[in-house]
1. I want to check a number: in the chain, how many lysine pairs have alpha carbons closer than 29 Å, given a sequence separation of 8 or more or different chains?
2. For the pair Gln151 and Thr2, how long in nm is the line joining their label points, each one 7 Å along Cα→Cβ?
3. With a 1.4 Å probe and all protein chains kept in place, how do Lys149, Lys41 rank by accessible area, largest first?
4. Where does the chain land at 222 nm, in deg cm²/dmol rounded to the nearest 500, when only DSSP H runs of n ≥ 4 count, each adding -39500 (n - 2.57), divided by all residues?
5. Mind giving me the nanometre distance, one decimal, between the label points for Asp70 and Thr119, set 7 Å out from Cα along Cα→Cβ?
6. Can you pull the three principal axis extents for the Cα set of the range 20-86, in Å, largest first?
7. Sorted by accessible area with a 1.4 angstrom probe, largest first, how do Ile28, Ile118, Ile95 fall?
8. Ratio of alpha-carbon Rg to the 2.2 N^0.38 Å globular estimate for the chain, to two decimals, please.
Amino acid sequence: MTLHIQPLTLAQANEQIMLWHRHHKPVIGHRFSLGAYLDTKLVGAVVVGRPVSREIDQYLVAEVTRLVTDGTHNACSFLYGAAARVAKAMGFKRIQTYILVEELGTSLRAAGWAFDGITSGGNWNHSKARQGLRRIDQPMSPKQRWVLKLQ
């Protein structure tokens with residue numbers, strides 16, 4: 001049995017996020033989502049969207065906003081690699097993601113991604129117009145940023 005990729009709808013990916021993600025809830029939107037399958041069994045999902053930070057060019061940079069698996073060996077690095085290949089085919093110049101400081105980044109490293117620093121974390125809702133409208137139900141601690149240049 002080998003892993004293979006199939007496209008997922010956002011609803012299908014969010015279903016897996018609700019089942020498997022330890023600290024994040026489903027996402028609102030995406031550019032694309034992919035599923036990792038072991039034969040016919042869905043064992044992981046990745047959601048790729050625009051960068052959450054408004055300072056990063058959403059037309060040149062794709063961002064993995066969620067990645068979940070059922071624990072299948074190599075599924076995480078398999079999904080990171082597949083997400084990068086699809087983003088490159090779509091014309092993106094870079095793909096990035098953020099993980100918690102206490103996470104090791106082993107799957108990212110295995111997929112060829114590079115550590116790019118630690119963010120400051122905290123509440124990034126600085127807009128008075130949107131005050132109280134942004135989600136605060138997710139970890140706001142400092143994060144590791146990982147990137148892969150695509151071209």
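The values are calculated or read from the model by the stated rules, or taken from the named source; none is laboratory data. This structure is a prediction, so every number in the text was calculated from the model and none was measured. All Cβ positions, glycine included, derive from the backbone under ideal geometry; neighbour counts span all protein chains shown. Accessible surface is based on the protein model in full, side chains and every heavy atom, while ligands, DNA and RNA are left aside. Shrake-Rupley method; radii C 1.70, N 1.55, O 1.52, S 1.80 Å.
1. Here the count comes out as 12.
2. Calculated label separation equals 2.9 nm.
3. Correct descending sequence by accessible area is Lys149, Lys41.
4. On the way: 3 runs with 31 residues, N = 151.
For the chain, the value works out to -6000 deg cm²/dmol.
5. Simple spin-label model gives 3.1 nm for this pair.
6. Ordered largest first, the range 20-86 gives principal extents of 38, 26, 16 Å.
7. Result of the area sort, largest leading: Ile28, Ile118, Ile95.
8. 1.02
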